[in-house]
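The values are calculated or read from the model by the stated rules, or taken from the named source; none is laboratory data. Worth saying up front: this structure is predicted, and the values here are computed from it rather than measured. FYI the Cβ positions are ideal-geometry reconstructions off the backbone, even for glycines, and counts take in every protein chain you see. Note: accessible area is taken over every heavy atom of the protein model, side chains too, but ligands, DNA and RNA are not part of it. Shrake-Rupley method; radii C 1.70, N 1.55, O 1.52, S 1.80 Å.
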Amino acid sequence: MNIGVLGTGQVGGALGGRWAAGGHQVIFGVRDPADPEVRAVLARAGRGARAGSCREAMAACDTILLAIPWDQTRAVLEQAESLDGKLLIDCINPLKPDLSGLALGYTTSAAEQIAAWFPTARVVKAFNTLSAATMENPRYGDLAAHVFICGDDESAKATVHQLAVELGFEPVECGALQLARQLEPLAMLYVHLAVFQGWGGECAFRMLKR
Ligand SMILES: NC(=O)c1ccc[n+]([C@@H]2O[C@H](COP(=O)([O-])OP(=O)(O)OC[C@H]3O[C@@H](n4cnc5c(N)ncnc54)[C@H](OP(=O)(O)O)[C@@H]3O)[C@@H](O)[C@H]2O)c1
């Protein structure tokens with residue numbers, strides 16, 4: 001599959017690099033392909049990855065991971081010639097700059113906002129409750145971290161489910177895109193525990209069942 005990954009930071013580098021290593025063709029959408037940090041991400045990702053502009057990555061790929069800050073999202077997506085039918089994997093958390101809470105939320109969500117801006121795209125919320133460390137390695141002993149997935153398009157969710165399984169995660173189907181109103185605050189709880197309560201990034205949410 002051709003996967004566009006917008007951003008080569010902690011999230012883009014981890015998920016994009018692992019999809020490339022797993023055999024997908026990954027095109028990172030970046031501001032400066034010559035940036036040494038971009039070159040380093042490409043070197044780690046291997047032969048399945050290359051970098052271009054965000055516009056180029058979005059044109060070449062039907063599946064696009066949004067691994068950029070919330071406040072840049074609309075402007076970056078507006079660079080696309082067309083997002084008709086494109087699967088947008090939204091892992092964005094619209095955090096306040098001081099991490100004290102969500103800049104947007106509770107009666108809507110970043111995922112729903114993106115879907116409203118680009119109604120012909122297929123938006124799936126996923127991966128937002130995971131740390132970058134868990135994106136690199138989803139294993140916790142015998143268990144795998146859960147990826148909570150929600151969206152309004154069943155085939156788009158099935159694709160994200162498969163992409164998560166390929167990386168070693170256990171997906172949890174949550175329901176419609178509106179469930180992002182629960183998943184984005186859940187990420188806020190994660191940030192609180194990891195940053196302010198001393199848990200750090202080597203931990204992950206998982207449902208228990210019996
Ligand atoms: N880090 C986590 O543990 C984590 C977990 C779950 C979800 N998230 C979410 O994932 C997203 C990315 O987080 P991150 O931690 O990977 O951030 P990061 O390490 O700061 O990386 C951000 C990336 O976005 C790029 N970017 C910023 N503005 C851009 C623009 N206008 N056009 C093109 N690229 C642009 C940056 O490129 P430049 O180098 O050019 O600035 C960089 O590659 C955020 O929305 C965050 O809420 C993060």
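Applying the selection to the stretch 160-183, what residues are touching a strand residue (DSSP E or B) at 6+ places or on another chain (Cβ under 6 Å) and in a helix (DSSP H, G or I)? Hits for the stretch 160-183 are Val160, His161, Ala164, Leu177, Leu179, Ala180, Leu183.
Would you pick out the residues in the stretch 67-100 that are at positive phi and more than 11 Å from the ligand (Cβ to nearest atom)? The one that is at positive phi and more than 11 Å from the ligand (Cβ to nearest atom): Gly85. Here is a list of conditions, (1) more than 9 Å from the ligand (Cβ to nearest atom); (2) more than 21 Å from Asn128 (Cα to Cα); (3) surrounded by 15 or more Cβ atoms within 10 Å (Cβ to Cβ), and Ala43 meets all of them except one; can you say which number that is? The single condition Ala43 does not satisfy is (3).
If you filter the stretch 62-78 down to residues that are hydrophobic (A, V, I, L, M, F, W, C) and outside any strand (DSSP E or B), you find that the one that is nearest to Cys91 (Cα to Cα) is Ala67. Cβ-Cβ distances below 6 Å connect the following pairs, each with a first residue in the stretch 137-152 that is under 18 Å from Lys209 (Cα atoms) and modelled with pLDDT of 95 or more, a second residue that is β-branched (Val, Ile, Thr) and open to solvent by 10 Å² or more (accessible area, probe 1.4 Å), and a separation of six or more residues or different chains: His146/Val172; Phe148/Val172.
Within the stretch 16-33, being near the ligand (Cβ under 9 Å from one of its atoms) and open to solvent by less than 10 Å² (accessible area, probe 1.4 Å) holds for Phe28, Gly29. Can you name the residue in the stretch 46-57 that is within 11 Å of the ligand (Cβ to nearest atom) and closer than 19 Å to Ala121 by Cα and is also surrounded by the fewest Cβ atoms within 10 Å (Cβ to Cβ) among such residues? Once the filter is applied, the top-ranked residue is Arg55. Assess whether Thr63 counts as being under 18 Å from the mean Cα position of the chain (by Cα) and within 11 Å of the ligand (Cβ to nearest atom). No.
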